[in-house]
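J.: There's a structure below that I have some questions on.
The values are calculated or read from the model by the stated rules, or taken from the named source; none is laboratory data. In this text, all values refer to a predicted model and were calculated from it rather than measured experimentally. Note: ideal-geometry Cβ built from the backbone for every residue, glycine included; neighbour counts use all protein chains shown. These area figures cover heavy atoms from the full protein model, side chains too; ligands, DNA and RNA do not enter into them. Shrake-Rupley method; radii C 1.70, N 1.55, O 1.52, S 1.80 Å.
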Amino acid sequence: MMLKDKVAVIYGAGGAIGSAVAHAFASEGANLFLTGRDLGPVEVVAKDVVSAGGSAQAAMVDALDEQAVEKHLQSMIDKAGRVDISFNAVGIPDTKILGVPLVELDVEQFSLPIATYTTSYFLTARLAARRMIANRSGVIMRVTALHSRTGIPLVGGYGPAMAAMEALTRDLSAELAPHGIRVVGLRPQAMPETSTIKEAFEPRAVASGMTWEQWQAMLASRTHPRRLMTLEEMANLAVFMACDQASGMTGTTVNLTMGSLDD
Ligand SMILES: NC(=O)c1ccc[n+]([C@@H]2O[C@H](COP(=O)([O-])OP(=O)(O)OC[C@H]3O[C@@H](n4cnc5c(N)ncnc54)[C@H](OP(=O)(O)O)[C@@H]3O)[C@@H](O)[C@H]2O)c1
């Protein structure tokens, strides 16, 4: 088992990516502390993990609330003794931030993803790092998207938010790697089985005169294997990046776009 007895916290664990990563981490032996802004979806994931023979506890934690994150981490330390992996999969609804041309976008809408994504990543990483430094060991992880590296219309502040988080991954690593902590990011292409992607892209597909299926085929045609990645594939890569065999990997966001985006 690649993550046997590793203690992992996941933020946004009720979401598509957070729950897929939870299942993959659990099947490799991790002891999970699953959190989300709403308890209900996180409890469902925790129950599924436990039913499958894994170890998981659910808690309501707003990943923008410093005191709530801190309190939860302390409860983890009290119960499990340490935190080995911090995975931030928080996402805000794309309908709030996409679809308006930049020349018409107001400052508030532009700033929302930048402030939300960077603040949540900063807070969860910083508070976990303080615990990890004491153990001289740990892995901090975050998901971004290819908007960080290529121009895409009608995405408002989402691209700058993704780029900022990738910069933060590098800077956190530069400061934390000497303390034995790795900081790594995952940059998947759209995974159409997630409701996030359907909600974000279906209206654009319709507006462009395409069906949702044609839009997915168009995105898939840009990848080398001519298909889009599955959640399971992305979660399996997350397992490897979190495990000790990936000890040589830090300060980077791994390009998981299957050829859509050149490095
Ligand atoms: N899906 C993809 O194919 C894909 C591809 C590349 C990158 N990404 C990026 O990956 C991230 C996650 O995507 P996803 O598809 O998993 O999204 P998702 O299904 O919407 O999950 C996001 C989760 O974050 C939670 N959340 C939001 N604000 C929070 C807060 N302040 N504290 C704690 N939890 C909070 C949400 O809870 P609520 O439901 O209560 O709001 C939700 O459970 C996003 O940044 C997305 O842009 C996704």
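J.: In segment 187-233, what count of residues is obtained for those that are hydroxyl-bearing (Ser, Thr, Tyr), away from the ligand (no atom under 13 Å from the Cβ) and assigned to a helix (DSSP H, G or I)?
T.: Adding up the residues that qualify gives 1.
J.: What single numbered condition from (1) open to solvent by 50 Å² or more (accessible area, probe 1.4 Å); (2) within 30 Å of Ala200 (Cα to Cα) fails to hold for Val155?
T.: All conditions are met except number (1).
J.: Also, quick follow-up: Can you tell me which residue within segment 165-208, out of those that are small (Gly, Ala, Ser) and modelled with pLDDT of 90 or more, is nearest to the chain's Cα centre (by Cα)? I'd like the intermediate steps shown before the answer.
T.: Narrowing segment 165-208 to residues small (Gly, Ala, Ser): 167, 173-174, 177, 180, 185, 190, 195, 200, 205, 207-208.
Filter once more, keeping what is modelled with pLDDT of 90 or more: 167, 173-174, 177, 180, 185, 190, 195.
Numbers: Ala167: 15, Ser173: 17, Ala174: 20, Ala177: 20, Gly180: 22, Gly185: 8, Ala190: 13, Ser195: 15 Å.
Filtering first and then ranking leaves Gly185.
J.: For segment 2-58, what are the residues that are of a type in the set (Gly, Ala, Ser), open to solvent by 30 Å² or more (accessible area, probe 1.4 Å) and over 17 Å from the mean Cα position of the chain (by Cα)?
T.: Ser27, Gly40, Ser51, Ala52, Gly53, Ser55, Ala58
J.: Is there any pair with a first residue in segment 186-201 that is of a type in the set (Lys, Arg) and a second that is near the ligand (Cβ under 7 Å from one of its atoms) whose Cβ atoms are under 6 Å apart and which are 6 or more apart or on different chains, and what are they?
T.: Arg187/Thr144
J.: Within the set of pairs 6+ apart or on separate chains, which have a first residue in segment 149-165 that is without any contact (Cβ under 8 Å) to a residue 12 or more places away in the chain, a second that is of a type in the set (A, V, I, L, M), and C-beta atoms under 9 Å apart?
T.: Ile152/Leu146
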